[in-house]
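J.: One structure coming up, written as structure tokens, with questions to follow.
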Amino acid sequence: MRRKQRRYNDPAEFSGAHPDERDPAPLGAAVDRLVSDSGWSTDVSVHTVLGRWAQIVGPDVALHCKPVSYADGVVAVTADSTAWATQLTLLAATVVARLNTELGDGTVVRIQVSGPGGPNWKRGRRSVRDGRGPRDTYG
């Protein structure tokens with residue numbers, strides 16, 4: 001049985017000894033090109049800096065306050081108690097200035113701090129299938 005040999009007539013099919021766009025690229029370069037082509041460079045740099053949150057705000061504050069999201073110049077932060085939410089609210093101007101030092105002026109406009117949520121009455125002994133349940137007397 002004879003194998004059919006593939007013939008390459010078009011010289012454009014050969015890559016040759018010189019690099020061209022078909023050659024394998026390092027993963028870092030491919031990701032950098034994807035980020036720049038998609039316009040994600042600001043978001044990526046902000047999330048990189050937020051990954052170093054403990055270095056920016058200090059270990060004590062970072063233990064109780066976590067950045068949740070970034071959108072339109074606003075960093076949303078959740079605190080595990082109202083006392084830490086108040087503390088971070090008082091430090092917000094300093095943290096915004098520090099973030100803008102790392103990222104460039106105007107990248108972060110403000111920090112939106114939220115404390116812990118209230119009780120959830122959807123599960124447990126006091127949940128009511130129809131109606132508001134124990135919350136109906138709260139006004």
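The values are calculated or read from the model by the stated rules, or taken from the named source; none is laboratory data. Remember, predicted model here, so these are calculated numbers, not experimental data. With ideal geometry, Cβ positions are generated from the backbone for all residues, glycine too; neighbour counts draw on all protein chains shown.
J.: Considering only region 58-76, state which residues are over 22 Å from residue 40 (Cβ atoms) and in contact with a helix residue (DSSP H, G or I) (Cβ under 6 Å, 6 or more places away or on another chain).
T.: The answer is 62, 64, 65.
J.: Sort out which residues of region 14-43 are outside any loop (DSSP other than H, G, I, E, B) and modelled with pLDDT of 80 or more, and write them in order of number.
T.: Those that are outside any loop (DSSP other than H, G, I, E, B) and modelled with pLDDT of 80 or more: 27, 28, 29, 30, 31, 32, 33, 34, 35, 36, 37, 38.
J.: List pairs: first in region 93-121 and more than 13 Å from residue 75 (Cβ to Cβ), second polar (S, T, N, Q) and at pLDDT below 85, Cβ under 8 Å, 6+ apart or cross-chain?
T.: 121/127
J.: Go through region 104-121 residue by residue and tally those that are part of a loop (DSSP other than H, G, I, E, B) and at pLDDT 70 or above.
T.: 10
Per-residue answers, yes or no, for (1) among the hydrophobic types (A, V, I, L, M, F, W, C); (2) at negative phi; (3) touching a residue at least 24 places away in the same chain (Cβ under 8 Å):
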site	(1), (2), (3)
30	yes, yes, no
34	yes, yes, no
40	yes, yes, no
45	no, yes, yes
49	yes, yes, yes
54	yes, yes, no
67	no, yes, no
89	no, yes, yes
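J.: Can you find, within region 72-93, the residue that is farthest from the chain's Cα centre (by Cα) among those that are exposed (fewer than 12 other Cβ atoms within 10 Å of the Cβ) and either of a type in the set (A, V, I, L, M, F, W, C) or closer than 13 Å to residue 57 by Cα (or both)?
T.: 83
J.: Let me ask something additional. Taking the condition of being modelled with pLDDT of 90 or more and not in a strand (DSSP E or B), how many residues in region 63-83 meet it?
T.: Summing the residues that are modelled with pLDDT of 90 or more and not in a strand (DSSP E or B) in region 63-83 gives 6.
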